[in-house]
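A.B. asks: Below is one structure. I have some questions about it.
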Amino acid sequence: MEPKLNLHTHPAATVVDLFCGAGGLGLGFHAQGFKILWAADAFSPAVETYRRNIGGHVTEVTLDWDTELPPCDIIIGGPPCQGFSSAGLRKQGDDRNRLVAVFAHLVARHRPKAFVFENVEGFLTGEGGRGVTDLLDPLVAAGYCVHLRKINAANYGVPQHRKRVLAIGGLGWDPDFPEPTHRAAGAPGANLVAGQLPWCDSVAKALDGLPAAADDPATAAISDHVSRPPNPMDRLRFEALGIGQTMKDIPEELWHETYRRRAFRRVMDGTPTERRGGAPSGLRRLDPDLPSKAITSGATSEFVHPIAHRHLTLRECARLQTFPDTFEFVGTQAQRSRLIGNAVPPRFANAIAAHLARTFREMGDRRAEPGLKSFVPTNSNGMSPALQKTVDAVEGRYRAVDRSRQLMLFAAPETVQVGEH
């Protein structure tokens, strides 16, 4: 991580971490010297993981519009897109049944000097982009200057192509947007958006120094660095997979049955799945010389070690997510996989926090009218119909967006200093 910045030049450097998960976002802010006053999540293993690794200022709670937060300077969080349907307390269609809206309204009501919001790329197109307006409407109305962009975490030094949506806002001041620190090969545009910056770490670099994976947790030198011996069929699959190959590259008799069904599934209009972006990978052997594909809760069953004939261990997934080896995840195997896969990579969080630490000191010189200051849903000149629908809705709603900047972003992706599409 980058060296800590001196935040004592600004008397306020306090944070509330909502929907905190395992604490990846909070860990990055903590590393930059911010004081996290309070954190909250509704998932018990997340709360215990956060408490064990970061501090006791975390609470297990279901956040709602009425939740009272301590006064702070920055609210950060990555709310799940689903609402409170399992609680049975809200009517379907009620705006309060949307955690993105809950996050936005808590920020608008408590009025911190800044906020940071992170979410999956599907946030941009889900339900016709309603999540975007759920987020922006209350924040802009409350006086925030907002930047909302799709990024690739690899462009911020994470050894993984992880496409996410990031929004940053300042109350009456323009915090701008953190510039990329790295470029990355292995995904369209990832090496273009960051110019001549250093390459991000590869899988091999990220996993370097780990001992051999243990067969039994009791003998593991590092927590969660365990891999059971594969069964005979999986062994054949692993041996057949070359570097960077997926299940479609191995003999069909070795395919998983679930993969076989998905690979030949037809969509309702009759178009083969292969012509709509390709069949799911089923298995993928990672390329040691490139960043990993996105780590998800299923990574330990989908990704194969670049050299060894086995799946990745949870610790290897945590390494690719940039968690330190001393970070201990709590819960069952499935729960720990979920915590790791859903986390904000701490290295990415550190870059965001470092940017805010710098701009906080310049707040007085950054006064601006509220509004959507930049909106970059893709670096491509083209976009899907679903994304175009969202863009049309956002542009029609927020005329204050900087059109010259917007046009430049769409017209010249090779010069744009944001994440890949």
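A.B. asks: Does residue 215 satisfy the condition of being out of contact with any Leu (no Cβ under 9 Å at 6 or more places or on another chain), surrounded by fewer than 20 Cβ atoms within 10 Å (Cβ to Cβ), of a type outside the set (Ser, Thr, Tyr) and on the phi > 0 side of the Ramachandran plot? Lay out the reasoning, then the answer.
C.D. replies: Working: out of contact with any Leu (no Cβ under 9 Å at 6 or more places or on another chain): yes; surrounded by fewer than 20 Cβ atoms within 10 Å (Cβ to Cβ): yes; of a type outside the set (Ser, Thr, Tyr): yes; on the phi > 0 side of the Ramachandran plot: no.
Considered against the rule, which asks whether it is out of contact with any Leu (no Cβ under 9 Å at 6 or more places or on another chain), surrounded by fewer than 20 Cβ atoms within 10 Å (Cβ to Cβ), of a type outside the set (Ser, Thr, Tyr) and on the phi > 0 side of the Ramachandran plot, residue 215 comes out as no.
A.B. asks: Can you tell me how many residues in the range 280-312 are part of a strand (DSSP E or B) and among the polar types (S, T, N, Q)?
C.D. replies: Number of matching residues: 1.
A.B. asks: Right, next: For the range 218-247, name all the residues that are crowded, with 17+ Cβ neighbours inside 10 Å and outside any loop (DSSP other than H, G, I, E, B).
C.D. replies: Within the range 218-247, 226, 234, 237, 238, 246, 247 qualify.
A.B. asks: Condition test on residue 400, is it surrounded by fewer than 19 Cβ atoms within 10 Å (Cβ to Cβ), part of a helix (DSSP H, G or I) and either among the hydroxyl-bearing types (Ser, Thr, Tyr) or at pLDDT below 90 (or both)?
C.D. replies: For residue 400, the condition - surrounded by fewer than 19 Cβ atoms within 10 Å (Cβ to Cβ), part of a helix (DSSP H, G or I) and either among the hydroxyl-bearing types (Ser, Thr, Tyr) or at pLDDT below 90 (or both) - is not met.
A.B. asks: What number of residues within the range 336-385 satisfy the criterion of being of a type in the set (Lys, Arg) and part of a loop (DSSP other than H, G, I, E, B)?
C.D. replies: 2
A.B. asks: Identify the single condition in (1) modelled with pLDDT of 95 or more; (2) under 23 Å from residue 255 (Cβ atoms) that residue 301 does not satisfy, given that it satisfies every other one.
C.D. replies: Failing condition for residue 301: (1).
A.B. asks: So which residues in the range 30-49 are under 13 Å from residue 78 (Cβ atoms) and assigned to a helix (DSSP H, G or I)?
C.D. replies: Of everything in the range 30-49, just one residue is under 13 Å from residue 78 (Cβ atoms) and assigned to a helix (DSSP H, G or I), namely 46.
A.B. asks: Restricting to the range 320-339, name every residue that is crowded, with 23+ Cβ neighbours inside 10 Å and under 15 Å from the mean Cα position of the chain (by Cα).
C.D. replies: Within the range 320-339, 320, 321, 322, 323, 339 meet the criteria.
A.B. asks: Take residue 124 and tell me if it is in contact with a strand residue (DSSP E or B) (Cβ under 8 Å, 6 or more places away or on another chain), at pLDDT 95 or above and buried (at least 20 other Cβ atoms within 10 Å of the Cβ).
C.D. replies: Here the answer is no, as residue 124 does not meet what is asked.
A.B. asks: Could you check the range 375-397 and list, in sequence order, the residues that are farther than 14 Å from residue 136 by Cβ, surrounded by 14 or more Cβ atoms within 10 Å (Cβ to Cβ) and among the polar types (S, T, N, Q)?
C.D. replies: Listed by number, the residues that qualify are 378, 379, 380, 388.
The values are calculated or read from the model by the stated rules, or taken from the named source; none is laboratory data. Model, not experiment: these values are computed from the prediction. Positions of Cβ are backbone-derived with ideal geometry, glycine not excepted, and every protein chain shown enters the neighbour counts.
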